[in-house]
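Asker: My questions will all concern the structure given below.
Every number here is computed from the coordinates shown, using simple stated rules; none is lab data. For clarity, every value in this text was computed on a predicted model and none was experimentally measured. Quick reminder, even Gly has a Cβ in these numbers, built from the backbone with ideal geometry, and neighbours come from all protein chains shown.
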Amino acid sequence: MTAVGEAQSPRTTAPAIRVNAVSKTFGGTRALRDVSFEVPRASVHALCGGNGSGKSTLIKILAGVHQADSGTIEIDGHVHDATRTNPGWAGSNGLYFVHQAVGTFPSMTVAENFAVSSAFGARSLAPVSWRALHRRVQKVLERFEIDVSPKTIMAQVPPATRTMIAVARALQYEAEAGRGTLVLDEPTASLPAEEAQAVLDAMRGYARRGHAVVFVSHRLSELLAVSDSATFLRDGQHVRTCDAADLDESSLVQLITGHAPVAPSRNTVGTDQAEVRLRLENLAVGSLDDICLQVRAGEVVGIAGLLGSGRSTLLQSLFGVRPARGGRATLDGVELTANDVPAAIRGGIAYVPEDRAGQAAFAELSVRANLSAPSLRRYWNRVWLRRAAERCDAQSVIERYKIKVDGPEAYFATMSGGNQQKVVLARWLELAPRLLLLDEPTQGVDIGARTAIHQLVRQVAAAGTAVLLVSSDPQELVDACDRVVGVHSGRITGEASGADLTVRRCTELGHGLGAPSGARTPTSRALGPRTPATHPPTSMEPRTS
Amino acid sequence: MTATATDQRPNSPAPPGSGRPPRRANWPGGARWLSLGERFGLLVLIVAIIVAWSVRFPDTFATVHNWQIIGSSQSVNLIIALALMVPLLSNNFDLSVGSTASLASMLTAGLMARNGWNLLEAVLMVLVIGLLIGAVNGLLVTRFGLNGLIATLGSATVLDGTQSWYSHNLSISSGFSQKLVDFGTATVWKIPWLTVVALLIALVTGYVVAQTPFGRRLVAVGSSSPAARLVGVRVDRLVLASYMTSGGLAAAGGVLLLAQQGSATPGTTGIGVLLPALAAVYLGASTWTPGQFNVVGTILGLVLVAVIVSGLTLGGAATWVSGVADGGALILAVGASAAFRRRRRGA
């Protein structure tokens, strides 16, 4: 370990970061065990692992939020004690952190967003020189090739650009080109494919300039597409560090989960003969018009579409959250009640919204209360709520869905994202819905939980439920769906199923390229060729109301 | 440890919580004593204070008479606190409860003294008015989307003004049912009837809040209103109902206030009643079921402040002490319940 400090010519050949034998214990849990790896300069390094693998702990140690129990961190050839990191230390050693969607202020201008973090040397009560600020920010934006005006309101900037602005803000004082290491924690988690691609391109750009970029993502295709090398953590232990060129999707899954990937489970029994459960006839809702779609019992139908294409609006309308403008929607031949969520639930419809934290979770209530929320009537015997039965059912759900939690009375917020999502899903599956509406069901969920969730969806479909699934991840559409329809410019533009259902095809469908793609090989390596922005700028509208 | 069976699952990505600091108290596991302390801490504190005051003032504090005073004066506060708590479960403030009670007390007296109504008519009318006040508050919040805190602060001011107008700023101390005044001082087995009635109302409120879908849905709305809507709760209707419950309870508190004081005095209640109630509700949220508003905790919160003030007053402390005690308790209580809530959220 002492030899580590004696790198010969530190400035040129030393790696940007070398993590050496870092361990960390929280209470009785070992979060990191003797983890060592290095990140070369001018490259993109992926930090991979499931929820709870220790990658967040590692990033927090680098950021100085936590201190390691032992180990060292070497930066540009200088060895630092990992037990004594602090936030100031990270900044002064050229480590910059950008967390997803955190740290930008939507109601302020781009320039103001720069100013809040630095104030450009002005004292807090000194008057702000707006002209100087705008000039200065303009320069930084140009340097980072971000095409927005400093005066633009942040909320009007596309989500991907917001991430890039956050990066530019972090790196603005790195005068010497290529100094500094950038750590991006799930920079693309909430972005649709084409926006994510812009962030990935920008990451390659930072690496070209000589920065080392460390990033965390649950999207396997982008891990493969953008990184030069990758480090895998599992249960707090270092599994492997290797070149990205040596990896493919299945070895990636193997390294993250410790198991061979499970093949996507298609519907084996043909549903062509099954009765049509959901029938949409010329439905008009939000920005969508003339939607005609049938979903049969047991069928999982995916909706590919860009942010703001109206895909979420469609699900919300079917669940009675917002009214349709015209057309008909029937479930098992019965017309859906407009704008009435309780009626939709009574009619056998279930909806898992995209924004788990904001729209599905009762964070400080128990898992039991979260599970029984839509089915309280079941436990009401007209005199009191049968708590024992409620708790017993919750315990049974926890066991059957393999939810990792300290029992039914544990608070929802104490679970990992994947387990939270399982609870939200179980809340509805226990009601045996006839129509299940899923909006981004595995967003921010690790690969293990993701597979489990897809299996659950498949099981409920096998029991006769019709499923509509919206996802901005083409891989998910391929993995989970029997059939995928594309929604673009307010209409259904195409459809893919069977052998035609590939990642490339789903990406095309999302961009409104409806014609069948012919005999192309399925590819998951990249998200297809850089797709020109064929979508109108209306795709900027917020996803949910 | 019920989760162990699933922990051994070969496919599991990681043991729970290995990537983050383990959390202390998800009872029944973990630090059991700590959670017991949280649940019953306030109760132990109350008992300790009672013992201390009883030793210090055996002839004045530890007497039936003193406890009767505490019981009857706190029974009105209890009703007001419950009125505050019900909408607060859904994360909506009703700051008008004190003013509603004050106006209700004046109206009960006035309807009998000036208009010659009998006791039953007057009480029923006042309860209906309380429900209507609650309905107006509820509609301001649900239909017109006003912030509950500000809207009810406004309606509190309007109600205080209405009371001044109705009473011409004069007390009504005679001309109304003597039965009510007698009831205010009557006891059963040495317990004031007022206290019995207040505890009965508390029992019913506690049942509704904890044992019915209505109460559980209120708590769900308080946790996340968008999520509650998406599990089929008619949020607006529910919040309106909680404000009406609040108005009705506050009016009932007003009737008891008249019975307790024997006269209706303008301008004395309003904020003066609101503050102890607020302190009690928040103290209640730091005990029994920590992090959540609850009836038992609210009663304990009231008793704590009342006992402290009673002892201090008997010890010769000045009258401003009760204000300081209420305010101090409120700040401590809000701090403690916020801390519990943060922990529940896992922050």
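Asker: Which of the chymotrypsin sites (Phe, Trp or Tyr not before Pro) across the stretch B:33-137 are loop residues per DSSP, with 14 or fewer other Cβ within 10 Å? All intermediate terms of the calculation are to be shown ahead of the outcome.
Answerer: Numbers: sites: B:Trp33, B:Phe40, B:Trp53, B:Phe61, B:Trp67, B:Phe93, B:Trp117; in loops: B:Phe61, B:Phe93, B:Trp117.
Within the stretch B:33-137, no chymotrypsin sites (Phe, Trp or Tyr not before Pro) qualify (loop, at most 14 other Cβ atoms within 10 Å).
Asker: Next up: Any idea what angle helix B:32-56 forms with the longest principal axis of chain B, computed on alpha-carbon atoms, 0 to 90 degrees, nearest 10?
Answerer: Roughly 30 degrees between the two axes.
Asker: In addition: Could you tell me whether the stretch B:200-347 comes out rounded, prolate or oblate from its Cα gyration tensor? Rule is a ≥ b ≥ c as square roots of the eigenvalues, rounded for a/c under 1.5, then prolate if a/b exceeds b/c, otherwise oblate.
Answerer: Values: a/c = 2.40, a/b = 1.44, b/c = 1.67.
Oblate.
Asker: So if I take the centroid of the Cα atoms in the stretch A:473-505 and the same for the stretch A:389-437, what is the distance between those two points in Å?
Answerer: Cα centres, the stretch A:473-505 to the stretch A:389-437: 29 Å.
Asker: If you count, for every residue in B:216-222, the Cβ atoms of partner chains within 10 Å of its Cβ, what is the mean?
Answerer: Across the residues of B:216-222, the mean count of other-chain Cβ atoms within 10 Å is 4.
Asker: Still on this structure, I have one more. Which order do A:Tyr411, B:Tyr207 fall in if you start with the one that has the fewest other Cβ atoms within 10 Å?
Answerer: Numbers: A:Tyr411 24, B:Tyr207 14.
Ranked by crowding around the Cβ, least crowded first: B:Tyr207, A:Tyr411.
Asker: Express in whole angstrom the spacing between the alpha-carbon centres of the stretch B:63-102 and the stretch A:308-381.
Answerer: Using only Cα atoms, the two centres lie 38 Å from each other.
Asker: When B:Arg114, A:Arg450, A:Arg483 are ordered from fewest to most other Cβ atoms inside 10 Å of their Cβ, what list results? List each step's numbers first, then the result.
Answerer: Working: B:Arg114 12, A:Arg450 24, A:Arg483 20.
Fewest-to-most Cβ neighbours within 10 Å comes out as B:Arg114, A:Arg483, A:Arg450.
Asker: Identify all lysines with a Cα-Cα distance to A:Lys60 below 29 Å; exclude those on the same chain that are fewer than 8 residues away in sequence.
Answerer: Within the straight-line limit of under 29 Å, A:Lys60 reaches these lysines: A:Lys24, A:Lys402, A:Lys404, A:Lys422.
Asker: Please give every one of the aspartates and glutamates within straight-line cross-link reach of A:Lys139, meaning a C-alpha to C-alpha distance under 18 Å, and leave out same-chain neighbours fewer than 8 residues apart.
Answerer: Filter leaves A:Glu112, A:Asp147, A:Glu174, A:Glu176.
Asker: With a/c under 1.5 counting as rounded, go ahead and sort chain B into rounded, prolate or oblate using the C-alpha gyration tensor (a ≥ b ≥ c being the square roots of the eigenvalues; past the cut-off, prolate if a/b is larger than b/c, else oblate).
Answerer: Numbers: a/c = 2.37, a/b = 1.42, b/c = 1.67.
Oblate.
Asker: What is the fewest-to-most order of A:Val460, A:Val485 by other Cβ atoms lying within 10 Å of their Cβ?
Answerer: Working: A:Val460 21, A:Val485 24.
So the ranking, lowest neighbour count to highest, is A:Val460, A:Val485.
Asker: Could you state the angle between the C-alpha long axis of helix B:295-314 and the longest principal axis of the C-alpha atoms of chain B, as a value from 0 to 90 degrees rounded to the nearest 10?
Answerer: Helix B:295-314 sits at roughly 60 degrees to that axis.
Asker: Report, in whole Å, the centroid distance computed from the Cα atoms of the stretch B:189-218 and the stretch A:196-254.
Answerer: What the calculation gives is 59 Å, centre to centre.
Asker: Report, in degrees rounded to the nearest 10, the 0 to 90 angle that the Cα long axis of helix B:271-284 makes with the longest principal axis of chain B.
Answerer: Here the helix axis deviates by roughly 30 degrees.
Asker: Right, next: Students often forget the sequence filter, so: which lysines lie under 19 Å Cα-Cα from B:Lys190 once same-chain residues fewer than 8 apart are removed?
Answerer: B:Lys179
Asker: Another one. Mind listing the long-range amide H neighbours of A:Val183? Cut-off is under 5 Å, sequence gap 5 or more, other chains count too, H placed in the peptide plane at 1.01 Å from N.
Answerer: The answer is A:Tyr96, A:Phe97, A:Val98, A:Val214.
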